[in-house]
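This report refers to the structure that appears directly beneath it.
The values are calculated or read from the model by the stated rules, or taken from the named source; none is laboratory data. Here the structure is a predicted model, which means the values were calculated and not measured. Positions of Cβ are backbone-derived with ideal geometry, glycine not excepted, and every protein chain shown enters the neighbour counts. To get the accessible areas, we keep the full protein, side chains included, count just its heavy atoms, and leave off ligands, DNA and RNA. Shrake-Rupley method; radii C 1.70, N 1.55, O 1.52, S 1.80 Å.
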Amino acid sequence: MSRVTPKWRPPLSLVLGGTLAAVFALPLLGIGYFRLAGGVLGWAETSWLIGWIALIATVTLGYLLWRLVLRPVRALTAYAQAEGQVDAPQHFGTPEFSELGGAVIDMTTALRGREAVVRSYADHVTHEMKSPLTAVRGAVELLQGELPVAERTKLIARIGDAAARMEELLAAQRALAKAAEPMPKGQTLVSGGFSDVSGLAVEVTVAEAKVPIGEAAFALVMDHLLNNAKAHGASQVVVNVEENRMIVQDNGPGVSDGNRDRVFDPFFTTRRDAGGTGMGLAIVRRILQTQGAEIALGHGKGGVFVISW
């Protein structure tokens, strides 16, 4: 997700308070000058002096308000309306606008991510549904004719398998949509943040390590990663937590070079014959994005996944 670059700026209360104080003080200064030193200069010279002071003060305050208030608001509005065609603003005029800008950028990123999920699903599900629908259509046409009981039984079984495959795809999409929903944020103790997976030994190198991910989100992420490791033949997983990342490495066959760029794509799977839907890692990525984290493939023996925040 985009982040606003931290940089000191005066708080909005100081900007507004200074502007109001200047507006209040200028007339008092003029009156005081006339009262105390009005005899030094004539009326015309004094009027010109106060006029120039007022003009300089007005231009200075106008510039500060434009730079610290108006320009950040316009930049944030342009970003929200640009639909991804404009880079996210990195600096804002005051701490209050920085917080607002960060919230708007995160919200916009989340909405665009959900839109991308829906668009990706529409593209992939159209392709994935073709095979089971073709099988159902062909079986129905054959069943309309005179067939032996054994052949009819096979065709009915084929229809059942195709229906089950479509149900799996739809269930996977519902899980992906649910993963994009906001989950409570917080910190989770790694060693106690996930359930055991039968037949898989898990080692956490730093027992008391915590990660800035909510408990529910962390449990779902680890459940997907551990089951994914087991499904690909791993028997052991090592979890190592560093300063700003967590590395999950198994002793399985790993990811081939040809699949590294596609492993997080929805519906991409190397286990289609075994019933894989290719949604597990896509769901993991969506969950982590809602928590302000990212996941990527690392390098090493076996499957290596690096979660950073």
Out of the residues in the range 1-32 that are under 13 Å from Glu99 (Cα atoms) and open to solvent by less than 50 Å² (accessible area, probe 1.4 Å), which is modelled with the highest pLDDT? Pro11
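This table checks each residue for (1) surrounded by 15 or more Cβ atoms within 10 Å (Cβ to Cβ); (2) at pLDDT below 90; (3) of a type in the set (Gly, Ala, Ser); (4) in a strand (DSSP E or B).
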{"site": "Glu203", "(1), (2), (3), (4)": "no, no, no, yes"}
{"site": "Ala234", "(1), (2), (3), (4)": "yes, no, yes, no"}
{"site": "Val238", "(1), (2), (3), (4)": "yes, no, no, yes"}
{"site": "Phe264", "(1), (2), (3), (4)": "yes, yes, no, no"}
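Of the residues in the range 295-309, how many are assigned to a loop (DSSP other than H, G, I, E, B) and touching a residue at least 40 places away in the same chain (Cβ under 8 Å)?
Qualifying residue count for the region: 6.
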All-but-one check, Pro253 against (1) open to solvent by 30 Å² or more (accessible area, probe 1.4 Å); (2) modelled with pLDDT under 85, failing number (2)
Positions within the range 278-294 being assigned to a strand (DSSP E or B) and either more than 13 Å from the chain's Cα centre (by Cα) or touching a residue at least 60 places away in the same chain (Cβ under 8 Å) (or both), in sequence order: none
Please determine, by comparing only the residues of the range 182-198 that are touching a residue at least 60 places away in the same chain (Cβ under 8 Å) and within 11 Å of Phe218 (Cβ to Cβ), which one is least open to solvent (accessible area, probe 1.4 Å). Met183
Please work out which residue is surrounded by the most Cβ atoms within 10 Å (Cβ to Cβ), limiting yourself to the range 279-309 and to residues that are closer than 12 Å to Leu220 by Cβ and polar (S, T, N, Q). Gln291
Residue count for the range 54-94, restricted to those that are outside any helix (DSSP H, G or I) and surrounded by fewer than 13 Cβ atoms within 10 Å (Cβ to Cβ): 6
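Looking at Val211, is it open to solvent by 10 Å² or more (accessible area, probe 1.4 Å), among the β-branched types (Val, Ile, Thr) and within 17 Å of Leu189 (Cβ to Cβ)?
Numbers: open to solvent by 10 Å² or more (accessible area, probe 1.4 Å): no; among the β-branched types (Val, Ile, Thr): yes; within 17 Å of Leu189 (Cβ to Cβ): yes.
Spelling it out, it is not the case that Val211 is open to solvent by 10 Å² or more (accessible area, probe 1.4 Å), among the β-branched types (Val, Ile, Thr) and within 17 Å of Leu189 (Cβ to Cβ).
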Could you grab me the full set of residues in the range 50-84 that are under 23 Å from the mean Cα position of the chain (by Cα) and not small (Gly, Ala, Ser)? Pro72, Val73, Leu76, Thr77, Tyr79, Gln81, Glu83
